[in-house]
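The values are calculated or read from the model by the stated rules, or taken from the named source; none is laboratory data. Given the structure is predicted, the values throughout are model-derived calculations rather than measurements. In this analysis, Cβ positions are derived from the backbone assuming ideal geometry, glycine residues included, and neighbour counts consider all displayed protein chains.
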Amino acid sequence: MGASGDICVFNGGTDRIECYLPITLPTSKIRVKRRILRDGREIIEPVAPRRTRIESNDYFEWQISYKDRDTGELVEFGRLLKLFIEKNRITRREICRIIEEYYNLPTFQESFEIYREENRVEPRLFGGDFNVLVEKTPILRIYLEDDDSFIDIVLRHKQRAVGYQSMVFLYIPVSSYKIKPNLVGRTARAKQRVIWTPSRHDITAILRAFMIASEKHRSDMIRILRDQIKIDC
Ligand code: ADE
């Protein structure tokens with residue numbers, strides 16, 4: 001990790017902007033997930049990477065954040081955005097174009113809701129006394145450029161208030177060429193980290209995701225760009 005203490009840093013040796021992802025910490029927001037497609041349905045199951053061999057179609061799931069809650073310092077996506085702009089990998093014009101494009105769009109949080117569908121359970125299962133309800137949670141997905149990565153924006157009920165909140169999750173295939181080392185066929189070591197080298201398209205897609213997720217995320221992005229990266233569009 002760099003002097004900043006963040007997991008995303010500029011590596012002067014390789015001239016690359018990289019994130020060092022801890023994949024085995026129980027408290028980490030980075031997990032290994034197995035994505036199974038069964039009868040046209042997608043099932044996402046957690047994998048314990050110290051005990052289970054990683055498979056080629058597993059993903060790293062990262063609830064990527066952008067600001068330290070206590071200090072307000074930029075972390076993770078906040079740092080990536082700053083580094084990509086400072087190192088001229090993304091232009092200010094490009095950023096402002098995204099801000100302007102998304103500024104007046106409705107947000108995901110205000111456009112969707114969680115709802116239930118009710119059906120009878122077949123009598124041969126539980127004797128015919130019950131109905132089964134399935135709760136449907138809308139998920140807004142944006143596919144990233146070229147390695148089967150994607151971002152899911154998931155609607156949740158707020159924990160201690162009325163209404164919904166949006167959660168942003170980045171999914172990176174374990175076998176992506178942007179991930180080193182390749183852990184396929186192995187279990188992870190204690191304190192295993194993998195290095196993710198995002199492209200500029202990954203960064204602009206994550207910015208789009210936060211700009212559409214909710215009013216709160218949108219205003220956070222604009223404020224970070226204005227106050228901490230000095231881009232006032
Ligand atoms: N706030 C900061 N990062 C977030 C994320 N990934 N999802 C939802 N809210 C966030």
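Mind listing whichever residues of the stretch 114-162 are acidic (Asp, Glu), at pLDDT 95 or above and exposed (fewer than 13 other Cβ atoms within 10 Å of the Cβ)?
GLU117, GLU118, GLU135
Could you check TYR177 against (1) within 15 Å of the ligand (Cβ to nearest atom); (2) of a type in the set (Ser, Thr, Tyr); (3) exposed (fewer than 12 other Cβ atoms within 10 Å of the Cβ) and say which number it fails?
(1)
In this structure, is ARG50 at pLDDT 95 or above, in a loop (DSSP other than H, G, I, E, B) and either on the phi < 0 side of the Ramachandran plot or in contact with a helix residue (DSSP H, G or I) (Cβ under 8 Å, 6 or more places away or on another chain) (or both)?
yes
Just one of (1) surrounded by fewer than 16 Cβ atoms within 10 Å (Cβ to Cβ); (2) within 15 Å of the ligand (Cβ to nearest atom); (3) part of a helix (DSSP H, G or I); (4) of a type outside the set (D, E, K, R) trips up GLN109, so point out which.
Status for GLN109: all satisfied but (1).
Tally up the residues in the stretch 180-233 that are crowded, with 21+ Cβ neighbours inside 10 Å and of a type in the set (Ser, Thr, Tyr), please.
1
Condition first: over 23 Å from PRO198 (Cβ atoms), acidic (Asp, Glu) and either in contact with a strand residue (DSSP E or B) (Cβ under 6 Å, 6 or more places away or on another chain) or part of a loop (DSSP other than H, G, I, E, B) (or both). Now tell me which residues in the stretch 1-47 satisfy that.
Selection gives ASP39, GLU45.
For the stretch 164-174, name all the residues that are farther than 16 Å from GLU76 by Cβ and within 14 Å of the ligand (Cβ to nearest atom).
Start the filter on the stretch 164-174 by keeping residues that are farther than 16 Å from GLU76 by Cβ, which leaves 164-166, 173-174.
Across the stretch 164-174, the qualifying residues are TYR164, GLN165, SER166.
With the condition kept exactly as written, say whether any residue in the stretch 139-148 is among the β-branched types (Val, Ile, Thr) and away from the ligand (no atom under 16 Å from the Cβ).
Filtering the stretch 139-148 down to residues among the β-branched types (Val, Ile, Thr) leaves 139, 142.
From what is left, the residues that are away from the ligand (no atom under 16 Å from the Cβ) are none.
The answer is no; no qualifying residue exists.
State yes or no: is LYS29 within 16 Å of the ligand (Cβ to nearest atom) and over 21 Å from GLY78 (Cα atoms)? Quick ask: steps written out before the conclusion?
Numbers: within 16 Å of the ligand (Cβ to nearest atom): yes; over 21 Å from GLY78 (Cα atoms): no.
No: the conditions fail for LYS29.
Yes/no per residue for (1) more than 18 Å from the chain's Cα centre (by Cα); (2) of a type in the set (Phe, Trp, Tyr); (3) within 16 Å of the ligand (Cβ to nearest atom); (4) closer than 25 Å to VAL184 by Cα:
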site	(1), (2), (3), (4)
THR14	yes, no, no, yes
TYR20	no, yes, no, yes
LEU25	no, no, no, yes
THR52	yes, no, no, yes
GLU73	yes, no, yes, no
LEU83	yes, no, no, no
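Yes/no matrix, rows are residues, columns are (1) within 14 Å of the ligand (Cβ to nearest atom); (2) part of a helix (DSSP H, G or I); (3) without any contact (Cβ under 8 Å) to a residue 40 or more places away in the chain; (4) out of contact with any Leu (no Cβ under 9 Å at 6 or more places or on another chain):
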residue: GLY128; (1), (2), (3), (4): no, no, yes, yes
residue: VAL134; (1), (2), (3), (4): no, no, yes, yes
residue: ILE151; (1), (2), (3), (4): yes, no, no, no
residue: ALA190; (1), (2), (3), (4): no, no, no, yes
residue: VAL194; (1), (2), (3), (4): no, no, no, no
residue: HIS201; (1), (2), (3), (4): no, yes, no, no
residue: PHE210; (1), (2), (3), (4): yes, yes, no, yes
residue: ILE224; (1), (2), (3), (4): yes, yes, no, no
residue: ASP227; (1), (2), (3), (4): no, yes, yes, yes
